[in-house]
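Right, one structure below, let's go through it.
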């Protein structure tokens, strides 16, 4: 009886620990710190906040009554995936993908920080491989196709196409206008090569006193959406959680209000205002 109770307690302890790690990103960060001996991997800071403020002073400060406050450096979580995929009929591609664990979008080019647009919605909707057959067909044709063109391009039975379309509509991934269907996204960017142009260095940084933004998505969600989007020949060999250094640069206005902008410390470029993820 004692052995049985010990076994039940052990199972509950493991289940509870797993639930805590998955549902509470801050606990996961602490656990990662312990495992990595108090360090985490991040892309290198190549531009200082002072350099950015000097370069964009005229843009950020309207006059002498506007002043900079102390900038804040935070670290935003990404999933780095070692992958392979079919590049052509006779060639396999191998490379890396960098995918945000906060906004749910893939980085296309790490130098410019160009990203996709639309995968966030697909993750929220739990898009499947069947959903992506519709999504990718539309994305290939500027986001819009009529039913007959979809039927011809996907080469499936009428009933199956109707089932896929109904599911995508229910998930708010597409909308119907008469006999045509379009992606339910503003300026979608989904048709990309499944590989990030990445030539930046990774460095280790002490976790103590480093401000890290909590994850909004689990790594398993990113892996699932990538596999669904890029097809059967896409495989993930290894995943690593890394971080992007981001500056919050604050301007004090004459009336006491403040304006905050966000800057990529890797390339020194401004991030969209929607990047306020703290």
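All of the numbers you see were taken from the coordinates with simple rules; none came from a lab. Just so we're clear, the structure is a prediction, and the values are computed from it rather than from any experiment. Neighbour counts are summed over all protein chains in view; Cβ atoms, including those assigned to glycine, are modelled from backbone coordinates with ideal geometry.
Placing a pseudo-label 7 Å from each Cα along the Cα-to-Cβ vector at residue 92 and residue 214 gives an inter-label distance of 4.1 nm. Please list, in order, the residues from the range 107-127 whose amide nitrogen is less than 16 Å from a point placed 7 Å along the Cα→Cβ vector of residue 267. Answer for this model: 107-117.
Go ahead and run the numbers for FRET between residue 109 and residue 227, Cβ-Cβ distance against an R0 of 30 Å, rounding to 0.05. The pair residue 109/residue 227 has a calculated efficiency of 0.85. For the range 164-218, the calculated P(r), taken from all Cα-Cα distances in 5 Å bins from zero up to the bin holding the longest distance, is 4, 11, 12, 12, 16, 11, 9, 10, 8, 5, 2, 0 percent.
Which percent of Cα-Cα pairs in the range 117-191 sits in each 10 Å bin, short to long? The calculated distribution, bin by bin, is 20, 61, 18, 0. Here, P(r) means the percent of Cα pairs in each 5 Å bin from 0 to the largest distance; for the range 122-278 it is 1, 7, 13, 15, 15, 13, 11, 9, 7, 5, 2, 1, 0, 0. Using a Förster distance of 30 angstrom, determine the FRET efficiency expected from the C-beta separation of residue 128 and residue 204, and round it to 0.05. So the FRET efficiency works out to roughly 0.20.
Please work out the Cα center distance from the range 81-101 to the range 120-145, rounded to the nearest Å. Value for the Cα centre distance between the two parts: 19 Å. Between residue 39 and residue 193, the FRET efficiency from the beta-carbon distance, with R0 = 35 Å, is close to 0.65. Whole angstrom only: what separates the Cα centroid of the range 157-187 from the Cα centroid of the range 36-71? The range 157-187 and the range 36-71 have Cα centres separated by 44 Å. The separation of the range 229-251 from the range 257-271, counted between C-alpha centres, amounts to 19 Å.
Each Cα pair of the range 35-101 feeds into the Kirkwood radius, which the Stokes-Einstein equation turns, at 10 °C and 1.306 mPa s, into a diffusion coefficient of 96 µm²/s.
Note on the range 86-210: the C-alpha convex hull projects to 10.4 nm² when averaged across all orientations.
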